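Trainee: Take a look at this one; I'll ask things after.
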Amino acid sequence: MQTNLDSHAKALPDAEEAESILRSCVHCGFCNATCPTYQLLGNELDGPRGRIYLIKQLLEGGPVSDKTQLHLDRCLTCRNCETTCPSGVTYHRLLDIGRAELERRVERPVGERLTRKGLCTVIPRPAVFGALLKTGRALRPLLPASVQAKIPVRSAVPAKPRPVPRHARRVLMLEGCVQPSLSPNTNAAAARVLDRLGISVTPAREAGCCGATDYHLNAQDAGLDRARRNIDAWWPAIEAGAEAIVQTASGCGAFVKEYGHLLRNDPFYVAKAARVSALARDLAEVLAAEPLDALQPADDAIALRVAFHCPCTLQHAQKLGGAVESVLTRLGFDLSAVPDAHLCCGSAGTYSITQPEISQKLRDHKMAALESGQPDIIATANIGCQMHLDGAGRTRVRHWIELVEEALEAANAQVFARPNEAVAPGA
Ligand code: SF4
Ligand code: SF4
C-alpha cells in the first residue's frame, strides 16, 4: 500500500515501523473473514482492513474524529487477523502506534477518560485490586446491576501451599496483577506441578503487572515503566541462572515476549529486555518439553470431559495454539471438540468494561461453542478469559494447570489410601 506520512507522523519514534507495516498490507481483505467485530457488525471500518485505512489516514494527516476512535476502540486486539493475513502484516503494532497518536488528536469525553484512568489505577496494583474486590463482594447486593455484573459470582479456589525451592533447575514466574486475587491457586498449582518435574520457582515478588493493561489503554509510557520494573526485579535471578520466566496468564506472556521489541530504543534496557523476552515461556511450553510420563494423574480425575478455550493471546499472539491441548492429551484428559476455536471470547483485557455489548455477544457465542461438546468443565490459560467466561454463570471455567495439579494430587491420595496394595506380597 502506498503511504505518505505527514511531517508530524514522520517524527514519531515508531514512524519507520508504521510505514513498513502499512506498506506490507496489500488490501486483499482476507483478514475480514476471521475478524470477530467485522463478523458481528458487518462494517468495513470494524474489520482489520478498514482499521488499517483509518490509521493510514490518521498518519497521513487526514481528518479524524470520535468515529475513528470508536472503530479503533472496538478492535479486540485479538490478532486473529494476523494469523489469517497472507502478507504477514503485524497489525497489532500498527494499532498500538495509531491508537497512541489518535489519543493525542481526539479528546475523549470525561466519563471515558475517568473509566480508563480508573482501570489503569486499579488493575495493575494487586493490593488495591484485591481490596476493592473484597469490598465489592461484601457490598454486592447494594450495588447497581451493571457493577454487580463485573464482580465474580463464584468464589476463588484457595491457594494450596507452594513448595519450598529445592531443585537445581530454577525458573521465575510472573505473579501478575489481578490473578492473585481472582484465582490465587493458579500460580501455586503451577509451582507444585513444576516441582514434581524437578523445577523450582524462584520467588520474585517485586515483579508485578506485566504492563499490558496500561499499554493497551494508551498509557504506553506507564506500561513500559512496568516492563522496566519487572526486568530489574528478575535480573538478579536471571544472572544466577534462571532458565525461563514462566507465565500462567497468556495475556501477560504475550506482552513479556514483546519487551525486547518495545524497549529496543531504550539504550539502558535494550539488551536486558531482549534477554527477558527470549526467556519468557508460557507454562504449556515448559511442560511440553518435559517427560510427562513421570506424572501419573488419577484415572477418575482425567475422566472429566474438558473443553479447552485457547485464548487469543496464546494462539494468535504467541502462536501456541494446540500447546495446552497437547499437554492435556498426553496426560490422558478427555478433550471435547470446540467449533470456531479461533474466535475471541470477548474478554480482551479491559474490553468487557469498555465495550460491554460486543463483549457479551462474543461471550454468548463462545460459551455455546464450548458447551456444544457437553463438557464437565471448561479450561483456559488466561485469567481474563477465565473470569469473563466463568462470569456467564454456566459451566465452570478454571485454569488448566489446576485440573492437572488436582489430578496428580488425587493420584497421590489414592496411593496413600491403599498402602497395603502398594506393598502387596509378590508385587
Ligand atoms: S489480509 Fe493482510 S494484506 Fe490482506 S487486507 Fe488484511 S492485513 Fe492487509
Ligand atoms: S485484532 Fe481482532 S478485532 Fe482487531 S481487527 Fe484484528 S481480528 Fe479484528
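Trainee: Whether any residue in the stretch 7-22 is touching a residue at least 12 places away in the same chain (Cβ under 8 Å), over 28 Å from D221 (Cβ atoms) and within 13 Å of ligand 1 (Cβ to nearest atom) is what I want to check.
Mentor: The answer is no; no qualifying residue exists.
Trainee: Separate question: Six or more apart or on different chains, Cβ atoms under 6 Å: show the pairs whose first residue is in the stretch 26-42 and under 15 Å from H342 (Cα atoms) and whose second is within 11 Å of ligand 2 (Cβ to nearest atom) and assigned to a loop (DSSP other than H, G, I, E, B).
Mentor: C31/C85; N32/G47; C35/G47; P36/L343; P36/C344; T37/R74; Y38/G47
Table: residues versus (1) within 15 Å of ligand 1 (Cβ to nearest atom); (2) charged (D, E, K, R).
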| site | (1), (2) |
| --- | --- |
| C31 | yes, no |
| G50 | yes, no |
| L58 | no, no |
| R74 | no, yes |
| R79 | yes, yes |
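Trainee: Then there is this: Can you pull out the residues in the stretch 303-332 that are assigned to a loop (DSSP other than H, G, I, E, B) and either at pLDDT 95 or above or closer than 15 Å to I383 by Cβ (or both)?
Mentor: Once the filter is applied, which keeps residues that are assigned to a loop (DSSP other than H, G, I, E, B) and either at pLDDT 95 or above or closer than 15 Å to I383 by Cβ (or both), the stretch 303-332 yields C310, P311, Q318, K319, L320, G321, G322.
Trainee: Would you check if there is a residue in the stretch 86-95 being more than 11 Å from ligand 1 (Cβ to nearest atom) and either of a type in the set (G, A, S) or without any contact (Cβ under 8 Å) to a residue 40 or more places away in the chain (or both)?
Mentor: No, every residue in the stretch 86-95 fails to be more than 11 Å from ligand 1 (Cβ to nearest atom) and either of a type in the set (G, A, S) or without any contact (Cβ under 8 Å) to a residue 40 or more places away in the chain (or both).
Trainee: Please return the ranges of helices (runs of 4 or more DSSP H) entirely within the stretch 333-422 where 1 or more residues are at pLDDT 90 or above, closer than 18 Å to C310 by Cα and more than 16 Å from ligand 2 (Cβ to nearest atom).
Mentor: 356-371, 383-390, 400-417
Trainee: Taking only the stretch 219-267 into account, find how many residues are part of a helix (DSSP H, G or I) and under 25 Å from L119 (Cβ atoms).
Mentor: The number of residues fulfilling the criteria is 24.
The values are calculated or read from the model by the stated rules, or taken from the named source; none is laboratory data. Every value quoted in this text rests on a predicted model; they were computed, and no experiment measured them. Here Cβ is always computed from backbone atoms with ideal geometry, including for glycine, and neighbour counts include all displayed protein chains.
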